[in-house]
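As structure tokens, the structure follows; a few thoughts come after it.
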Amino acid sequence: MGYKKYYTNKIIWYLLTLVIAVVLNFILPRLMPGDPVSAIAARAVNGMTDSTAIQAVYEDYAEKFGINLPMSTQFAIFIKNAVRGDFGVSFSQYPRTVSNIIASSVWWTVCLQLPAILLGWILGNVLGAVSAYKKGIFDKGVLPVFLFMSNVPAFGMATVLLYVFSLKLGMAPSSGGYGFDLIPTASITFFRSVLAHYQLPFWSVVLITIGGQAIGMRSMSIYELNADYVKYSRFMGIKDRKIVGYVFRNAMLPQITGLAMSIGTMIGGALVAEIIFSYPGLGTTLLAAVKGRDYPLISACTLIITIMVLLANLIVELIYGVIDPRIKAAQQD
Amino acid sequence: MGKTMLEVDHLKTKYVTRFGENVFAVDGVSIKIEEGKSLGIAGESGCGKSTLALSLMGYYFAPLHYQSGTIKVDGVNITGMKPDEIRKKVLGNEIAYIPQAAMNALNPTQKIFSFIEDVIKAHDPGVTKKDIYDLARERFEILGLPESVLKKHAVELSGGMRQRTVIAISTILSPKVLIADEPSSALDVTSQKMVIKMLKNLMEKGFIKSMIFITHELPLLYNVTDEIMVMYAGQIVEQGTAREMVFDPLHPYSKGLMGSILVPEKGAREAKLTAIPGTPPNLKNPPKGCRFADRCSYAKPACMLHQIAESHLENGRMFRCYLEEKELREVYRDE
């Protein structure tokens, strides 16, 4: 069966891509100028005057973080530990482990971004389909507004929302994931606070997502509405409502790729919204890691992004084979 | 004489362009087909053949619009019906259509059977899935299509198979009139033959009661249809039996059209292939006089002045020329 071979082939390619990405993830942060260990050591030796002692402290840290070893050995250790989910100790938030930092921030990002992207995607597709089919105000009024919004830079949108709804109208808190006076517990007060803090970052992502998805869906729908099968179905007496169903199902197919791409890149995309709203997610963590030259944390964050992008793409390819018979036919060749 | 299946009287339809101009692509066409008969419509690209096919179904959507004339299917006038009534009562079960690009006529993400189900349910929502399946399987079998096609997607079928599947779907409700718009033009000779055989088979089995076959290939019409109409610039310029039209065309355009093709008959092959000079007129501003006049080598100044009326001969032939039959025959003989 050519089907199985096709997928095996695909998975091998994805694994190869992953290996290359991991190597780059490891090397690139380490090529940044500056030495993080000396920064940490400098903090530790603050006030010390004995240069031998300072040197000893530095070497102690260098050994602890393993940066005195050759790059290849460091890489081997990194891989060995990474497979077990251990990304080492953070440089900038020493002595917290990278895994611990990521575990506490990744869910904030996923819970913020995933629903926001999904909602933006769904609303965008509906808007695109409606403006292609109904035209009029949707096509000439609503769509351009959302298109305009989608071209507003993320920081612009976040800042505007922050200014209008938080500062001027006071409808939502301006920063953080929950009230600063609360301790994360499973209480209703805490949940309410989280929900209130959720609104602005959430909508800032949704509003930006809609336009781009809508414009893609609109052109796909227009293309499909003029396809020969639409005309033929009409002349076979099939109701327009049913035909519109065919059209939108077919027009949706390329949009799934768009969804997978945005889910894959959601952590990178989260950066701006999270920073502006001081949201305790992975984006904020990544920024802090870059600022603190925290190699292990940067590598871990970028690795998560890489794996998510690859995984999202792989899933899309696997789903495509099932939902689009044209691709299935091509894959079987 | 059989029952009249389709009677079209001076049908006029137009395309309305974005700038509000009217283009009369079908300009006063009259057609009459009896039960068991087939009619061929020939003409060069852009003469209005396909538009005529679409217009005959009485179901118009932009940019095509109805202007005037009547269409009667089995005695029932459909021109006054509401679109939804036409959709439900006429399309598919009274008049069926085989599109020009049947290759792309099927929804790529839908299985053949699922589409057949939609077609039948659009006309009779009460039918069960099993009944539809039995009907489809039986019909496919009679038409020589494997049952497995029903469970496939269009992309899994070859071009010829796809075309025959479309024909089977189009005729599944046993329509009274089948309009086939270039059903075999995109196919190789073998597939073409199968398509033609299938259409003839449908007629013999009574799954269709009459047929309109549109093509630019005249030899094909001679083999398939009883009568042939030649269309030029939205009008019918000549009509007669297939034999008359191929071997004894009267209208200068028909004659030119016959002269520009290879008729696979003995003797005809040696005849020189000639092209008709010039291009058809722009239908946004049709000529005042004969529409063919500026390409016609027999045109007289009078041809440019008035619209040319149809001349009907005793044997039922019709042609649209300023010259009379006798005059035309004399000119042709002198050549």
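The values are calculated or read from the model by the stated rules, or taken from the named source; none is laboratory data. As the structure is a prediction and not an experimental result, all values here were calculated from the model. Cβ placement follows ideal geometry from the backbone for every residue including glycine, while neighbour counts extend to all protein chains displayed.
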- [ ] Return the residue satisfying two criteria in turn: it lies in the stretch B:69-94 and is exposed (fewer than 15 other Cβ atoms within 10 Å of the Cβ) and not acidic (Asp, Glu), and of such residues it is farthest from the other protein chains (Cβ to nearest Cβ).
- [x] B:Gly75
- [ ] Could you check A:Glu317 against (1) of a type in the set (D, E, K, R); (2) buried (at least 20 other Cβ atoms within 10 Å of the Cβ); (3) away from chain B (no Cβ under 14 Å) and say which number it fails?
- [x] (2)
Open item on the list: Looking at the stretch B:176-219 only, could you name the residues that are within 20 Å of B:Glu7 (Cα to Cα), part of a loop (DSSP other than H, G, I, E, B) and either aliphatic (A, V, I, L, M) or free of Cβ contacts under 8 Å to residues at least 40 places away in the same chain (or both)?
Closed with: B:Gly206, B:Ile208
TODO: Could you look through the stretch B:69-86, keep only residues that are under 20 Å from the mean Cα position of the chain (by Cα) and among the charged types (D, E, K, R), and pick out the one that is farthest from B:Met203 (Cα to Cα)?
DONE: B:Lys72
Task: Pair list, Cβ < 7 Å and 6+ apart or interchain, from the stretch A:103-132 residues that are free of Cβ contacts under 8 Å to residues at least 40 places away in the same chain to residues that are crowded, with 17+ Cβ neighbours inside 10 Å and hydrophobic (A, V, I, L, M, F, W, C) - done: A:Val130/A:Phe138
TODO: Would you point out which residue out of B:Thr109, B:Thr171 is within 21 Å of A:Arg249 (Cα to Cα), of a type outside the set (D, E, K, R), within 12 Å of chain A (Cβ to nearest Cβ) and touching a strand residue (DSSP E or B) at 6+ places or on another chain (Cβ under 8 Å)?
DONE: B:Thr109
Open item on the list: Tell me yes or no: at least one residue of the stretch B:225-242 is outside any helix (DSSP H, G or I), modelled with pLDDT under 90, out of contact with any helix residue (DSSP H, G or I) (no Cβ under 6 Å at 6 or more places or on another chain) and surrounded by fewer than 20 Cβ atoms within 10 Å (Cβ to Cβ).
Closed with: no
Task: Conditions (1) surrounded by 23 or more Cβ atoms within 10 Å (Cβ to Cβ); (2) without any contact (Cβ under 8 Å) to a residue 60 or more places away in the chain; (3) more than 30 Å from B:Ala62 (Cβ to Cβ): number failed by A:Thr185 - done: (1)
Open item on the list: If I go through the stretch A:270-314 residue by residue, how many of them are outside any helix (DSSP H, G or I) and under 27 Å from A:Val152 (Cβ atoms)?
Closed with: 5
TODO: Check B:Tyr66, B:Tyr60, B:Tyr97 and return the single one that is touching a residue at least 12 places away in the same chain (Cβ under 8 Å), in contact with a strand residue (DSSP E or B) (Cβ under 6 Å, 6 or more places away or on another chain), within 11 Å of chain A (Cβ to nearest Cβ) and surrounded by fewer than 22 Cβ atoms within 10 Å (Cβ to Cβ).
DONE: B:Tyr60
Open item on the list: Contact list please: Cβ distance under 7 Å, first residue in the stretch B:105-124 and in contact (Cβ under 8 Å) with a residue 24 or more places away in the chain and under 10 Å from A:Ile238 (Cβ atoms), second residue basic (Lys, Arg) and assigned to a helix (DSSP H, G or I), pairs at least six apart or on different chains.
Closed with: B:His123/B:Lys88
Task: B:Val76 vs. criteria among the β-branched types (Val, Ile, Thr) and more than 15 Å from B:Gln235 (Cα to Cα) - done: yes
- [ ] Look at the stretch B:45-84 and say how many of its residues are part of a loop (DSSP other than H, G, I, E, B) and of a type in the set (Val, Ile, Thr).
- [x] 2
- [ ] Considering only the stretch B:23-47, state which residues are in contact with an Asp or Glu (Cβ under 6 Å, 6 or more places away or on another chain) and farther than 17 Å from B:Gly69 by Cα.
- [x] B:Lys37, B:Ser38, B:Leu39
Open item on the list: Out of everything in the stretch A:188-238 that is of a type in the set (Phe, Trp, Tyr) and out of contact with any helix residue (DSSP H, G or I) (no Cβ under 9 Å at 6 or more places or on another chain), what residue ends up being farthest from the other protein chains (Cβ to nearest Cβ)?
Closed with: A:Phe190
